[in-house]
Amino acid sequence: KQEVTQIPAALSVPEGENLVLNCSFTDSAIYNLQWFRQDPGKGLTSLLLIQSSQREQTSGRLNASLDKSSGRSTLYIAASQPGDSATYLCAVGSNFGNEKLTFGTGTRLTIIP
Amino acid sequence: NAGVTQTPKFQVLKTGQSMTLQCAQDMNHEYMSWYRQDPGMGLRLIHYSVGAGITDQGEVPNGYNVSRSTTEDFPLRLLSAAPSQTSVYFCASSPFGSGAIGEKLFFGSGTQLSVL
């Protein structure tokens, strides 16, 4: 059974700093990995999708990396802004009987002005 | 383009009552799904559909029914609500596939359900 862990559960960072969010998974037989953003009381927004054959994806100030062999992914946020405050979730796409996304519980990020 | 629309946003039920959570998407997506989100747990898949007329169970299907009569709509029915079904429910869609095979998932804004 695939398990996805995100540590820490919460993180506070001063505005302007670069930061890294972590995601680990137990089974390396994955199709892909997605990073989502969730604002309070809102749904999830897909930020980046990395296929299993890729090492990283970039979108603006965001860069996500994937290391299947070690079961890890990181989301790098450059030059953080207060608007980046949200909960960030990673989800791993696997095939365990049916195609399935397994979500982590998220890291709640607060950017301090 | 509204994306994925869920109604209602909030709902309070008494134990044993029934209700339907509505989900509609206007992106002509084949795949639709329902998740529940509980504190300290990742999102868990309840039911999903890969196209009109086709539905299947996810990780936590007990107590919920779904149907997919059109591409656009995927309602979730609670036949006899229980306190354990208190949660935030999200509907999600993608062009095809579950999101597990390479498609980004698009989420609705959620329904917060409390069962007393």
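The values are calculated or read from the model by the stated rules, or taken from the named source; none is laboratory data. These figures come from a predicted structure and were not determined experimentally. Backbone-built Cβ (ideal geometry, glycine too); neighbour counts: all protein chains shown.
Quick notes
- Of all residues in the stretch A:89-113, those satisfying the criterion of being outside any loop (DSSP other than H, G, I, E, B), within 14 Å of chain B (Cβ to nearest Cβ) and of a type in the set (S, T, N, Q) are A:SER94, A:ASN95, A:ASN98, A:THR102, A:THR107.
- Take the conditions (1) farther than 19 Å from A:GLY43 by Cβ; (2) in contact (Cβ under 8 Å) with a residue 24 or more places away in the chain; (3) among the hydroxyl-bearing types (Ser, Thr, Tyr); B:SER67 misses just one of them, which is (2).
- Some residue of the stretch A:49-57 being polar (S, T, N, Q) and more than 12 Å from chain B (Cβ to nearest Cβ): no
- Being of a type outside the set (Ser, Thr, Tyr) and more than 10 Å from chain B (Cβ to nearest Cβ) holds for only one residue in A:ALA86, A:ALA9, and it is A:ALA86.
- Tabulated pairs, the stretch A:93-105, first more than 16 Å from A:CYS23 (Cβ to Cβ), second of a type in the set (D, E, K, R) and modelled with pLDDT under 90, C-beta under 7 angstrom, 6+ apart or interchain: A:PHE96/A:LYS1
- Looking across the stretch A:60-83 at every residue that is more than 15 Å from A:GLU17 (Cβ to Cβ) and basic (Lys, Arg), the one that is nearest to the other protein chains (Cβ to nearest Cβ) is identified as A:LYS68.
- Number of residues in the stretch B:59-70 that are over 11 Å from the mean Cα position of the chain (by Cα), within 23 Å of B:GLY3 (Cβ to Cβ) and either buried (at least 18 other Cβ atoms within 10 Å of the Cβ) or within 14 Å of another protein chain (Cβ to nearest Cβ) (or both): the value is 1.
- Test result for B:SER94, among the small types (Gly, Ala, Ser) and within 12 Å of chain A (Cβ to nearest Cβ): yes
- Only one entry of A:SER12, A:SER80, A:SER70 meets the criterion of being of a type in the set (Gly, Ala, Ser) and without any contact (Cβ under 8 Å) to a residue 60 or more places away in the chain, and that entry is A:SER70.
- Filtered by the rule that a residue be within 12 Å of chain A (Cβ to nearest Cβ), assigned to a strand (DSSP E or B) and under 16 Å from B:VAL88 (Cα atoms), the stretch B:42-58 gives B:ARG44, B:LEU45, B:HIS47.
- The set of residues in the stretch B:25-57 that are surrounded by fewer than 20 Cβ atoms within 10 Å (Cβ to Cβ), of a type in the set (Gly, Ala, Ser) and in contact with a Ser or Thr (Cβ under 7 Å, 6 or more places away or on another chain) comprises B:GLY40, B:ALA52.
- Positions within the stretch B:1-34 being among the hydroxyl-bearing types (Ser, Thr, Tyr) and out of contact with any Lys or Arg (no Cβ under 6 Å at 6 or more places or on another chain), in sequence order: B:THR5, B:THR7, B:THR15, B:SER18, B:TYR31, B:SER33
- Among the residues making up the stretch A:12-48, those that are within 13 Å of another protein chain (Cβ to nearest Cβ) and in contact with a Phe, Trp or Tyr (Cβ under 8 Å, 6 or more places away or on another chain) are A:CYS23, A:LEU33, A:TRP35, A:PHE36, A:ARG37, A:GLN38, A:GLY43, A:LEU44, A:THR45, A:SER46, A:LEU47, A:LEU48.
- Filter pass, A:ASP27 being closer than 25 Å to B:LEU45 by Cβ and of a type in the set (Asp, Glu): yes
So that you can scan it fast, the table gives a plain yes or no per residue for (1) of a type outside the set (Gly, Ala, Ser); (2) loosely packed, with under 15 Cβ neighbours inside 10 Å:
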position	(1), (2)
A:PRO40	yes, yes
A:LEU48	yes, no
A:SER52	no, no
A:ASN63	yes, no
A:ALA86	no, no
A:ARG108	yes, no
